[in-house]
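Before any comments, here is the structure.
The values are calculated or read from the model by the stated rules, or taken from the named source; none is laboratory data. Just so you know, these numbers come straight off a predicted model, no measurement behind them. Cβ placement follows ideal geometry from the backbone for every residue including glycine, while neighbour counts extend to all protein chains displayed. Just so you know, the surface numbers come from the protein's heavy atoms only, side chains and all, with ligands and any DNA or RNA stripped out. Shrake-Rupley method; radii C 1.70, N 1.55, O 1.52, S 1.80 Å.
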Amino acid sequence: MLKGWMFGALTLLLSALFSGAQAQPRLKVGVALSGGGAKGAAHVGVLRVLEQHQIPVDYIAGTSMGAYVATLYSLGYSVDEIEQRLITLDFSQGFSDTIPRQDLSLREKLHRDQYPVELKIGFEQSKLKFAKGALEGQRMASLLRRSIGAVPSVDHFDQLPIPLRTIATDLSDRSEVIIDSGDFVSAMQASMAVPGALAPVERNGRLLVDGGLANNMPVQVVRDMGADVVIAVDIGSPLKAEDQLNSLFDVLDQLSSYLTILSRDQQVALMQPQDVLVVPNIEGVGTTDFELMGQMIPRGETAMAAQVQQLARYALSASAYQQLLAQRQQAHQQLLVQNQVLTAVKLDNQSWVKDEVILEALELPVGSQPSSDAVDAAVARVYAINDFARVDAALQQGEQGQVLTLTTKGKDWGPNMFDLGLRLEDNFDDSINWEIGLALTSNNVGPLDGQWRNTLNLGSNRRLVSEYYQPLDDLRYSFAIASIEFQQREWDAFSSDGAERLAQLEQEKLALRLGVGVNLGNAAQLQLAYNYEDGAFKPELGSEPFDQRQRYWRRGVEILFGYDQLDTALFPSSGSAWQLQALQIHGSSDDQGSDSEDGSANFWVYRGGWLGANQFGPHGIFAKADLVLASKDITSITHFTTAGGFLDLSGFYRDALYGNHKVLTAAGYYFDLGKQTITGEWPLKVGMSLEAGNVWLNRDDIDRDDLIYAGSVFVGAETDLGNLSFGLGYNDRHQTSLYLTFGHAIHQR
């Protein structure tokens, strides 16, 4: 009996001990990923090594680029999928808010070509207004949206396959903001908004910027989430040495580094003995070296592999780890395959643009199942209206399907905004032809959503233009337009062969224009207008017949069709542009240009122009054609068309040939050297052109044998400040000329 009692007691004791051992929970592992721009790709290597050693990640938090990697990993994307995004997506594009030229309306395309510098300065009620950052972050948001896919927001980030936190900084008091719910794109972007470069992200009534200013390595955040063991990854840059502080940007970067290093040191001090600090090698890779991110991934692997044995005790068995991965993959799929039918679109319109215009551009009908690419394309269409600082879209899961909330934010510096344009032409043999222009665009004028644009140009071509553009329907399909222009420009008159300058003239004119038209999508426009012009040519230097002041006036109707889908204004790589015009001219001038007894002329001028381009890898080709025909042969200088200049019969001075009729064809080739900068792409191109054409006074003189053949070699680039090119031209009339042009597009002759 005693033996039975002892045996029973021993059994109960062993059972209790075994049950206690079984009930003991495993320690939870959390990962804190720091910010550091392109260096953040190292985080992917760290996570890969943890997976290879079957060490679970139970919680994850990140700052800046760390927030990007942490968010994708928490959603259930694999290490390989995150690596693919980092390598294929062009993160440098995130540091540009420029709307692709093809997406703009034809009216805005032409305006940008002339005034490409958006100053982000405006006024309202006599008060100057400025943008809150160099960039609003529109294209960065697009990049983030494409990264996460069509994943709807959740009530709390603890509901994700791996609980998540992203870190931002409150701009008002530099306090740490821990984001644990809501839209993933804004959560990531708030953590990545570098002050001064990217505008703050408004979230829950607070202006948020880069989390690195408050907490660049969120160790304590992960511990507060429930982690027993914290793996902290530090990719922060050290302070620059004295000999590296060579510019204002170096000094500003140094000041930012002070704050991130201070916050990192504070977090390191909070680490406990069981925690692990991983410091990948960042030598030779800067914050903006996004093209080097592929090199940082193996560096992260190396750094984590050197310390992974310290974490071996937290590893799961092969079967347990596979079960964990399967659970997370199932949760990831549930996020992606929820009812994706779009049941409603909510518009939070914080701009002067009418709701109808925004929803028409969105083109996401209720009942459809939009992919992440479709949502991103819809946002891009709305943003291309070009009246917004930001356009954001957030998907939420409703009872019947997904609800899209579109937020449109008007430009902070509007509705009256300034743009700048620069133009320079120099042939190194004559006075420089230059212009500097300022445009003031006033939006939402009057009760009918009109636009009033005033431009002032100084230099060789002095112009003051006031134009009112009035949409005639809610969707802006039809419009009326009225303008008044005063112009003074310098003009050189050459001999008929273009070889000798006969005079230097100044043209002075006052022009009025009234028209109506329709927009045919964002690429085409048809106008019917009435024009009136009164002016004079005043001789500054010259000989007969240009030695006396010549007055003129003219009026008539105009039919104009324009189409433009070129990707850039100078040396385009894709698209085409057309312009067709029929212009009635009824007028009179002091020179012998009349065709009737009362001294008046009445005739039509027909113009057609085309430019097309394509690119195959680094090789690009373009071709253009211009045709001008007058219904009568008029000898008045006031009605002449011109040729001459770069890519317009190269070798001649600009506008050296003149007459009533013009034929020109040209073709060119360039090689794209593909220069790239943090502010976007400035592709540098070298190439050549072949041209043929001429200008004739009389239609009967038009003859193929009278064509002039010309060509050029050039270097050109499309910069953020305008188009830049340098070329050497030659023609078979033995004319040679160098050209330096800035702010001039080859299709705008």
What about P298, is it at pLDDT 80 or above, more than 31 Å from the chain's Cα centre (by Cα), loosely packed, with under 14 Cβ neighbours inside 10 Å and not basic (K, R)? no
Taking interchain pairs and intrachain pairs at least six residues apart, which have beta carbon atoms under 8 angstrom, with the first residue in region 51-76 and under 16 Å from G236 (Cβ atoms) and open to solvent by 10 Å² or more (accessible area, probe 1.4 Å) and the second assigned to a loop (DSSP other than H, G, I, E, B) and of a type in the set (G, A, S)? S64/S34; S64/G35; S64/G36
Given the criteria of a type in the set (F, W, Y), in contact with a Phe, Trp or Tyr (Cβ under 8 Å, 6 or more places away or on another chain) and closer than 30 Å to Q548 by Cα, does F622 qualify? no
Condition met for Y258 (open to solvent by less than 30 Å² (accessible area, probe 1.4 Å) and over 30 Å from N444 (Cα atoms)): no
I need a count of the residues in region 71-121 that are farther than 30 Å from G35 by Cβ, among the aliphatic types (A, V, I, L, M) and part of a loop (DSSP other than H, G, I, E, B). 1
Got a number for residues in region 618-629 being under 23 Å from G727 (Cβ atoms) and open to solvent by 20 Å² or more (accessible area, probe 1.4 Å)? 6
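Mind listing just one residue for me: the one in region 630-684 that is hydrophobic (A, V, I, L, M, F, W, C), modelled with pLDDT under 90 and farther than 30 Å from Y552 by Cα and, of those, most open to solvent (accessible area, probe 1.4 Å)?
L673
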Listed by first then second residue, the pairs whose first member lies in region 716-729 and is under 19 Å from G645 (Cβ atoms), whose partner is assigned to a strand (DSSP E or B) and hydroxyl-bearing (S, T, Y), with beta carbons under 6 Å and at least 6 positions apart or on separate chains, are G716/S725; S725/T741; G727/S712; G727/Y739; G729/S712; G729/S737
Given the criteria modelled with pLDDT under 90, buried (at least 19 other Cβ atoms within 10 Å of the Cβ) and not in a helix (DSSP H, G or I), does G133 qualify? yes
Those helices (runs of 4 or more DSSP H) completely within region 259-377 that have 2 or more residues that are closer than 30 Å to P471 by Cβ are 355-362
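Just to be sure before I move on: is A70 at pLDDT 95 or above, of a type outside the set (V, I, T) and in contact with a Pro (Cβ under 7 Å, 6 or more places away or on another chain) in the structure I sent?
No; evaluated as a whole, the condition is false for this residue.
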Among the listed residues A499, A503, which satisfies the condition of being among the small types (G, A, S) and not in a strand (DSSP E or B)? A499
Please go through region 485-510 and give me each residue that is among the polar types (S, T, N, Q) and more than 21 Å from W553 (Cβ to Cβ), ordered by number. S495, S496, Q504
Evaluate the following for Y530: is it assigned to a strand (DSSP E or B), closer than 30 Å to Q102 by Cα and not hydrophobic (A, V, I, L, M, F, W, C)? yes
Report yes if some residue within region 478-492 is within 29 Å of the chain's Cα centre (by Cα) and either of a type in the set (G, A, S) or surrounded by fewer than 18 Cβ atoms within 10 Å (Cβ to Cβ) (or both); otherwise report no. yes
Counting just the residues of region 357-384 that are among the polar types (S, T, N, Q) and without any contact (Cβ under 8 Å) to a residue 60 or more places away in the chain, which one comes out most open to solvent (accessible area, probe 1.4 Å)? Q369
From (1) under 28 Å from D720 (Cβ atoms); (2) among the hydrophobic types (A, V, I, L, M, F, W, C); (3) open to solvent by 30 Å² or more (accessible area, probe 1.4 Å); (4) touching a Gly at 6+ places or on another chain (Cβ under 6 Å), pick out the condition that doesn't hold for W413. (3)
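Would you mind finding the one in R165, R223 that is closer than 22 Å to V278 by Cβ and crowded, with 24+ Cβ neighbours inside 10 Å?
R165 is the lone residue from the list that is closer than 22 Å to V278 by Cβ and crowded, with 24+ Cβ neighbours inside 10 Å.
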Filtering region 712-723 down to residues that are of a type outside the set (S, T, Y), touching a Gly at 6+ places or on another chain (Cβ under 7 Å) and crowded, with 17+ Cβ neighbours inside 10 Å, which residue is farthest from E500 (Cα to Cα)? G722
Would you call S153 closer than 16 Å to A193 by Cβ and open to solvent by less than 40 Å² (accessible area, probe 1.4 Å)? no
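Regarding D387, is this residue crowded, with 16+ Cβ neighbours inside 10 Å and at pLDDT 90 or above?
So D387 passes the test.
This table checks each residue for (1) part of a helix (DSSP H, G or I); (2) within 19 Å of L143 (Cα to Cα).
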position	(1), (2)
I178	no, no
A187	yes, yes
S191	yes, yes
V194	no, yes
G212	yes, no
M217	no, no
V221	yes, no
D224	yes, no
Exactly one of R423, R390, R453, R381 is within 27 Å of A361 (Cα to Cα) and in contact with a His (Cβ under 9 Å, 6 or more places away or on another chain), and that residue is R453
I'm trying to understand the selection: among the residues of region 302-356, which are touching a Lys or Arg at 6+ places or on another chain (Cβ under 7 Å) and either among the aromatic types (F, W, Y) or open to solvent by less than 70 Å² (accessible area, probe 1.4 Å) (or both)? S351
